[in-house]
1. Which one, Leu41, Ser5, Ser115, projects farthest toward the positive side of the charge dipole computed for the stretch 4-147 from Cβ point charges (K/R +1, D/E -1)?
2. Suppose R0 equals 35 Å; then what is the FRET efficiency for Arg81 and Val58 from their Cβ-Cβ distance, rounded to the nearest 0.05?
3. Sequence gap at least 6, Cα distance under 8 Å: using those rules, report the relative contact order of the stretch 4-147 to the nearest whole percent.
4. Using per-residue counts of other Cβ atoms within 10 Å, averaged over each peptide, order 10-21, 175-186 from highest down.
Amino acid sequence: MPSRSLWVFLAGRLAGYSVAGAAAALAVESFAWLTGHAVALRPVWTLFHLAVLAWGLVLLAQARQPAWVNAAGRSAWARIRPLAAARGGVFATGALWTFMPCGLLYSALLVASLSGGALQGALSMALFAAGSGVSLALAPTLLARLRGAGDRLRQDWGTRAAGALLALTAAWALWADLAARVAAWCGLA
């Protein structure tokens, strides 16, 4: 069963993601309105979409985030981590998790930004946070079970593999000694 602090973290994450989804949708909706009324901004709108397309293609081709994104994530986490120890820090950490570099999160935010309005963007990100939160809540339990099974497997099979190597080495040594004796007895050596 997930701990209370995990539930608080997930609630903060849900709140942060929802606010980010609403903000992204409102920003894109406002930008779209501006580009519709200010012809000079249309190239910027096109460049925005080209940048999003390029980001998506990079994620598709590499199946991972670029190294600079991972470095930015480690740097952000180093600053956020101490906050978790403060009163209310677990909720705040969950809310600030929205700013962690993550291709999947950014993809969800992009979908939310194109959802048609702030409420729809917030709902879109709330659903993303809830769905991904289930896997975050279950991951520690699943990992512990897999680790236990892996430890048993590693212990049993590791011991067996070591025994097999020991037996093969001894058999080879016996065979080499026997072959040398036969060769000497037959006068072949």
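Bear in mind that the values in this text are calculations on the coordinates, not laboratory data. This one's a predicted model, so the numbers in the text were calculated from it and none came from an experiment. Glycine gets a Cβ as well: all are built from the backbone with ideal geometry, and neighbour counts include every protein chain shown.
1. With unit charges placed on the Cβ atoms, the residue in question is Ser5.
2. Details: r = 28 Å, r/R0 = 0.80.
My answer for the efficiency is 0.80.
3. Numbers: 157 pairs, mean separation 69.1, N = 144.
In percent, rounded to a whole number, it is 48.
4. Numbers: 10-21: 21.8, 175-186: 10.3.
Packing proxy ranking, top to bottom: 10-21, 175-186.
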